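Take a look at the structure set out below.
The values are calculated or read from the model by the stated rules, or taken from the named source; none is laboratory data. Since the structure is predicted, the reported quantities are computational estimates derived from the model, not experimental observations. Note that we place each Cβ from the backbone using ideal geometry, even for glycine, and neighbour counts take in every protein chain shown. Just so you know, the surface numbers come from the protein's heavy atoms only, side chains and all, with ligands and any DNA or RNA stripped out. Shrake-Rupley method; radii C 1.70, N 1.55, O 1.52, S 1.80 Å.
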Amino acid sequence: QVQLVESGGGLVQAGGSLRLSCAASGRTLSSYAMAWFRQAPGKERQFVGGISLSGSTSYADSVEGRFTISRDNDKNTVYLQMNSLKPEDTAVYYCAARWRAVATISPYYDYWGQGTQVTVSS
């Protein structure tokens, strides 16, 4: 079992930045691909980006160039750096772990955090 806990969410003005963290316990993350998803009210959960075992990253078009995912396997933590935030980035952000490979579809993930709220004001 892997337990994931997100932190770092909050209220920020448009154009600002936030860094989310996802701390894992139970097992090392070194064998898991990690991803961030988000869900706005009334909308489906959406893939934001993922990071593979080797550290390669992929992003949704809507965040490409603004968001950066990184991982520190020694700290068993994954990060989401969000810059140039827009009101449409407002959502609950979730981190997720999947054995071995990144996927863009949420049902393929094995473990989820409880989510952290990000609100971007205009």
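So what is Rg over Rh here for the range 23-67, counting just Cα atoms and using Kirkwood for Rh?
Ratio of gyration radius to Kirkwood radius: 1.04.
Considering only protein heavy atoms, what is the solvent-accessible area of T104 at a probe of 1.4 Å, reported in Å² to the nearest 10?
For T104, the solvent-accessible surface is approximately 90 Å².
Within 12 Å, Cβ to Cβ, of Y94, how many net charges do the neighbouring residues add up to if Lys/Arg are +1 and Asp/Glu are -1?
+1
With a cut-off of 8 Å between alpha carbons and a minimum separation of six or more residues, what is the relative contact order of the range 1-91 in percent?
Result for the range 1-91 is 32 percent.
How much net charge surrounds S62 when only other residues with a Cβ under 11 Å from its Cβ are counted (Lys, Arg +1; Asp, Glu -1)?
-1
So which chymotrypsin sites (Phe, Trp or Tyr not before Pro) in the range 84-122 are both in a DSSP loop and have at most 12 other Cβ atoms within 10 Å of their Cβ?
none
Given the options L20, T116, A101, identify the residue whose Cα lies farthest towards the positive end of the charge dipole of the chain (+1 on Cβ of Lys, Arg; -1 on Cβ of Asp, Glu).
A101
Quote the FRET efficiency, to the nearest 0.05, computed for E64 versus S25 with a Förster distance R0 of 41 Å and r equal to the Cβ-Cβ distance.
With a Förster radius of 41 Å, E is 0.85.
Ordering D61, D72 by accessible area with a probe of 1.4 Å, largest first, what comes out?
Putting D61, D72 in descending order of accessible area: D61, D72.
About the Cα centre of the chain, how large is the charge dipole given +1 on each Lys and Arg Cβ and -1 on each Asp and Glu Cβ? Please answer in debye to the nearest 20.
140
Assuming 0.36 nm per residue, please report the length gained on full extension of the stretch A103 to Q81 beyond their Cα-Cα distance.
Extra length from A103 to Q81 when fully extended: 5.9 nm.
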